[in-house]
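Contents: one structure, followed by commentary.
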Amino acid sequence: MNANEIMKILEETAYVRMGGSAEELRCAEYLQGKCAELGLNATIEAFDVDMADIQEAVFEADGISIPCKGYRNAGNGEIEAPFYYLRNTDPWSLSQCKGKIVMIDGYLGYWMYQDLLENGAVGFVTYDGNANYCDRDIDQRELRSYVSKGNKILGVNINAKDAIAIIDKGVTTAKITLKQNEYVGQSHNVVLDMPGEIDEYVVFTAHYDSTSLSQGAYDNMSGSIGLLGIAEHFAKNPHRYGLRIVWCGSEERGLLGAKAYVADHEEELGKFALCINLDMIGCIMGKFICCCTTEEKLVDYMGYMASEVGFGMKAYQDVYSSDSTPFADKGVPALSFARIAGGNCATIHNSYDTIAVMSGRQMAEDIDFIVAFAGRMVNAAKCPVGREIPANMKEKLDIYLARKRDTKK
């Protein structure tokens, strides 16, 4: 796959494709078509996802309406209460949430939401964007089902500029009105099976969905193109291990596609020797990394190989926030490749993630390195990566998947 072909795919997929949307399915069918052009038969597998259509979302601060987007799947209703900005998460600060609409910094993660519920918050406000950017974009967010577990309070998201303004003014009361239709829809994984000489597989993953404001060129059509490059190479070259290539839907909504795949194909996971995930490659700027949720030996191996082939890279052992994680959680050793650019050069989950930050030449080089590594794995007499997930990685998986709280933070 050359640089021009890469940029053409980026141009043809330059649209928002949120998990569960018609645009996401359009992209799934596009990827299926690209496989067909290679003479390969990919299938589309549907899975259920929570969906919601917002009819009305209003946020008022001391009676003044503030532009907002309501949290999908956060229920319906209206609540007026004292307003509280949760600056810190120590026990005293949390105790002040009772009976209040609470604004928090950052994303509404599992433990933060549980803290809000436990301390009696009646509504929540988050904010995103950048106070120094000219736009006033607001991301469309959702209250994920594994976060709420059916215990919903109303919430909205606002722009950072307005968040600063209402704190500066000393707002004391707030009101949230939220009306929406919640239902079960479908998202989709695109799956390509390329059998090898033996009945064991290396599974390759990347997500193709985007967030609500983003064309997702960097995050993560880049990884999806990488999978096409891998498929193209091994369609023409022998491989002892089979390849199972999965373009995952709804990753941005909590790794839902990868979670659905491992649940639906659990009986096959014992045949998977390794998971190789691609999430954000080919950016003009940035350093290449390899995050290994495996035995630490693979970190050394990757460093040796990078020197051998002359490719700049840093490898380390950790859990990567992407489609590799559900596989690792099921006992499949997993690693993720990414080219991480500085925040001033390429950002994600916003309207600045476009083809403008991408390089076809750099992506071709990144794909070549990944193919070189993959070739060693799929043509090994025996995949050298140990099948056991180490204890330290199991603990990190428990923390990432909210089964255990990180007491060090």
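The values are calculated or read from the model by the stated rules, or taken from the named source; none is laboratory data. Note that the coordinates shown come from a computational prediction; the quantities given were computed from them, not determined experimentally. In this analysis, Cβ positions are derived from the backbone assuming ideal geometry, glycine residues included, and neighbour counts consider all displayed protein chains. Surface areas here come from the heavy atoms of the whole protein model, side chains and all, with no ligands, DNA or RNA. Shrake-Rupley method; radii C 1.70, N 1.55, O 1.52, S 1.80 Å.
For ASP368, are the conditions met, namely being closer than 18 Å to TYR218 by Cα and open to solvent by less than 30 Å² (accessible area, probe 1.4 Å)?
Details: closer than 18 Å to TYR218 by Cα: yes; open to solvent by less than 30 Å² (accessible area, probe 1.4 Å): no.
For ASP368, the condition - closer than 18 Å to TYR218 by Cα and open to solvent by less than 30 Å² (accessible area, probe 1.4 Å) - is not met.
From the list GLY257, GLY342, which residue is at negative phi, modelled with pLDDT under 95 and either open to solvent by less than 20 Å² (accessible area, probe 1.4 Å) or small (Gly, Ala, Ser) (or both)?
Details: GLY257 fails: modelled with pLDDT under 95.
The conditions single out GLY342.
Which one is nearest to GLY216 (Cα to Cα), of the residues in the stretch 274-288 that are open to solvent by 10 Å² or more (accessible area, probe 1.4 Å) and hydrophobic (A, V, I, L, M, F, W, C)?
Checking each candidate, the answer is MET280.
If you take the residues of the stretch 170-187 that are among the hydroxyl-bearing types (Ser, Thr, Tyr) and closer than 25 Å to LEU86 by Cα, which of them is surrounded by the fewest Cβ atoms within 10 Å (Cβ to Cβ)?
Of the stretch 170-187, the ones among the hydroxyl-bearing types (Ser, Thr, Tyr) are 172-173, 177, 183, 187.
Now drop any that are not closer than 25 Å to LEU86 by Cα, which leaves 172-173, 177.
Details: THR172: 10, THR173: 14, THR177: 18.
Among those residues, the one meeting the criterion is THR172.
Looking only at the stretch 61-76, count how many residues are open to solvent by 50 Å² or more (accessible area, probe 1.4 Å) and either at negative phi or touching a Cys at 6+ places or on another chain (Cβ under 9 Å) (or both). Write out each step before concluding.
Our first condition is that a residue be open to solvent by 50 Å² or more (accessible area, probe 1.4 Å); within the stretch 61-76, this holds for 62-65, 67, 69, 72, 76.
Narrowing the set further to residues that are either at negative phi or touching a Cys at 6+ places or on another chain (Cβ under 9 Å) (or both) leaves 64-65, 67, 69, 72, 76.
Matching residues across the stretch 61-76 total 6.
Regarding the stretch 205-228, can at least one residue be identified that is surrounded by 22 or more Cβ atoms within 10 Å (Cβ to Cβ) and over 22 Å from the mean Cα position of the chain (by Cα)?
no
Taking the condition of being in a loop (DSSP other than H, G, I, E, B) and either in contact with a Pro (Cβ under 6 Å, 6 or more places away or on another chain) or not aromatic (Phe, Trp, Tyr) (or both), how many residues in the stretch 228-287 meet it? Walk me through it before giving the result.
If we filter the stretch 228-287 for residues that are in a loop (DSSP other than H, G, I, E, B), which is where we start, we get 237-241, 249-250, 254-255, 265, 279-282, 284-286.
With either in contact with a Pro (Cβ under 6 Å, 6 or more places away or on another chain) or not aromatic (Phe, Trp, Tyr) (or both) added as a condition, the list becomes 237-240, 249-250, 254-255, 265, 279-282, 284-286.
Matching residues across the stretch 228-287 total 16.
Looking for something over 21 Å from the mean Cα position of the chain (by Cα), farther than 19 Å from CYS68 by Cβ and not hydroxyl-bearing (Ser, Thr, Tyr) - is there at least one such residue anywhere in the stretch 100-107? Explain how you work it out, then say what you get.
First pass over the stretch 100-107, keeping only residues over 21 Å from the mean Cα position of the chain (by Cα): 100-104.
Subsequent filtering for residues that are farther than 19 Å from CYS68 by Cβ retains none.
Within the stretch 100-107 (the criterion being over 21 Å from the mean Cα position of the chain (by Cα), farther than 19 Å from CYS68 by Cβ and not hydroxyl-bearing (Ser, Thr, Tyr)), the answer is no, since none of the residues qualifies.
Could you please give the count of residues in the stretch 155-169 that are open to solvent by less than 40 Å² (accessible area, probe 1.4 Å) and free of Cβ contacts under 8 Å to residues at least 60 places away in the same chain?
Restricting attention to the stretch 155-169, the residues satisfying the condition of being open to solvent by less than 40 Å² (accessible area, probe 1.4 Å) are 155-160, 162-163, 165-166.
Still in the running and free of Cβ contacts under 8 Å to residues at least 60 places away in the same chain: 160, 165.
Counting residues in the stretch 155-169 that are open to solvent by less than 40 Å² (accessible area, probe 1.4 Å) and free of Cβ contacts under 8 Å to residues at least 60 places away in the same chain gives 2.
If you go through the stretch 378-409, how many residues are within 23 Å of VAL202 (Cα to Cα), open to solvent by less than 80 Å² (accessible area, probe 1.4 Å), part of a loop (DSSP other than H, G, I, E, B) and of a type in the set (A, V, I, L, M, F, W, C)?
4
Looking at the stretch 43-60, is at least one residue of a type outside the set (S, T, N, Q), at pLDDT 95 or above, closer than 14 Å to PHE124 by Cβ and open to solvent by less than 50 Å² (accessible area, probe 1.4 Å)?
If we filter the stretch 43-60 for residues that are of a type outside the set (S, T, N, Q), which is where we start, we get 44-54, 56-60.
When the remaining residues are screened for being at pLDDT 95 or above, the result is 44-54, 56-60.
Among the residues that remain, those that are also closer than 14 Å to PHE124 by Cβ are: 57, 59.
Among the residues that remain, those that are also open to solvent by less than 50 Å² (accessible area, probe 1.4 Å) are: 57, 59.
So far as the stretch 43-60 goes, yes, one or more of its residues are of a type outside the set (S, T, N, Q), at pLDDT 95 or above, closer than 14 Å to PHE124 by Cβ and open to solvent by less than 50 Å² (accessible area, probe 1.4 Å).
Given the conditions (1) hydrophobic (A, V, I, L, M, F, W, C); (2) without any contact (Cβ under 8 Å) to a residue 60 or more places away in the chain; (3) under 24 Å from VAL49 (Cβ atoms), report the number of the one that LEU94 does not fulfil.
Exception for LEU94: condition (3).
Conditions (1) hydrophobic (A, V, I, L, M, F, W, C); (2) in a helix (DSSP H, G or I); (3) in contact with a Ser or Thr (Cβ under 9 Å, 6 or more places away or on another chain), marked per residue:
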site: ILE289; (1), (2), (3): yes, no, yes
site: VAL299; (1), (2), (3): yes, yes, no
site: ALA306; (1), (2), (3): yes, yes, no
site: TYR316; (1), (2), (3): no, no, no
site: VAL319; (1), (2), (3): yes, no, yes
site: PHE327; (1), (2), (3): yes, yes, yes
site: GLY343; (1), (2), (3): no, no, no
site: HIS349; (1), (2), (3): no, no, yes
site: PHE373; (1), (2), (3): yes, yes, no
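Restricting the search to the stretch 240-253, which residues are open to solvent by 10 Å² or more (accessible area, probe 1.4 Å) and either in contact with a helix residue (DSSP H, G or I) (Cβ under 9 Å, 6 or more places away or on another chain) or closer than 11 Å to ASP323 by Cβ (or both)?
ARG240, ARG244, GLU251, GLU252
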